[in-house]
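The values are calculated or read from the model by the stated rules, or taken from the named source; none is laboratory data. Bear in mind the structure is a predicted one, so any value in this text is a computation, not a measurement. Cβ placement follows ideal geometry from the backbone for every residue including glycine, while neighbour counts extend to all protein chains displayed. For the accessible areas, the whole protein counts, side chains as well, though only heavy atoms, and no ligand, DNA or RNA atoms are used. Shrake-Rupley method; radii C 1.70, N 1.55, O 1.52, S 1.80 Å.
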Amino acid sequence: MQPFTAQVIEIISAIPAGKVMTYGQVAGAAGSPRAARQVVRILHSMSGKHGLPWHRVVNARGEIAIREEEGFFLQKMFLEGEGVEVTEDGLVNLARYQHHPS
DNA sequence: GCCATGGCTAGTA
DNA sequence: GCCATGGCTAGTA
């Protein structure tokens, strides 16, 4: 496992319940501000094995990024279950719910 | 080659 | 709506 990947996994694991981070934000915190898509890839392929709270990552506008219906719904349900308000369209209020690691 | 992005522009209203 | 970006997993040979 590469250092960047390990960083990303660590950062995402540390997002508290009821909070979200953006793909780009996670990439930046891991040291590569432009590697947002790589964060996507890591979540896509490794969230299962590592038990990552994948649902706590949204795009830069605060939207659920999954197009596929079942995944979208699942992420919405998980977030709402933690007290995060999600609109019908999958929008989360970043000003209110974004996590800023110290 | 993949990917669940991001940011900027053109073009409409 | 378009396209530059980036780090690498999964799976074959």
Original post:
Counting other Cβ atoms within 10 Å of each Cβ, which trypsin sites (Lys or Arg not before Pro) in the stretch A:1-80 have at most 14 and sit in a DSSP loop?
Top reply: A:ARG34, A:ARG61, A:ARG67
**OP:** Please report the relative contact order for chain A, taking Cα pairs under 8 Å with a sequence separation of at least 6, and give it as a percent rounded to a whole number.
**Re:** 29 percent
Original post:
Quick one: ranking A:MET1, A:MET77 by accessible area, 1.4 Å probe, largest first, what do you get?
Top reply: A:MET1, A:MET77
Original post:
Amide H neighbours of A:GLN98 under 5 Å, counting only residues 5+ apart in sequence or on other chains, H built in-plane at 1.01 Å?
Top reply: A:VAL20
**OP:** Quote the Stokes-Einstein diffusion coefficient, in whole µm² s⁻¹, for the stretch A:27-97, based on the Kirkwood radius over alpha carbon pairs, a temperature of 37 °C and a viscosity of 0.692 mPa s.
**Re:** 256 µm²/s
**OP:** Please go through chain A and write out the GluC sites (Glu not before Pro) that DSSP classes as loop and that have at most 13 other C-beta atoms within 10 Å.
**Re:** A:GLU68, A:GLU85, A:GLU88
Original post:
According to a simple spin-label model (label point 7 Å from Cα along Cα-to-Cβ), what is the distance in nm between A:THR87 and A:ARG37?
Top reply: 2.8 nm
Original post:
In Å², what does the accessible area per residue of chain A work out to with a 1.4 Å probe?
Top reply: 61 Å²
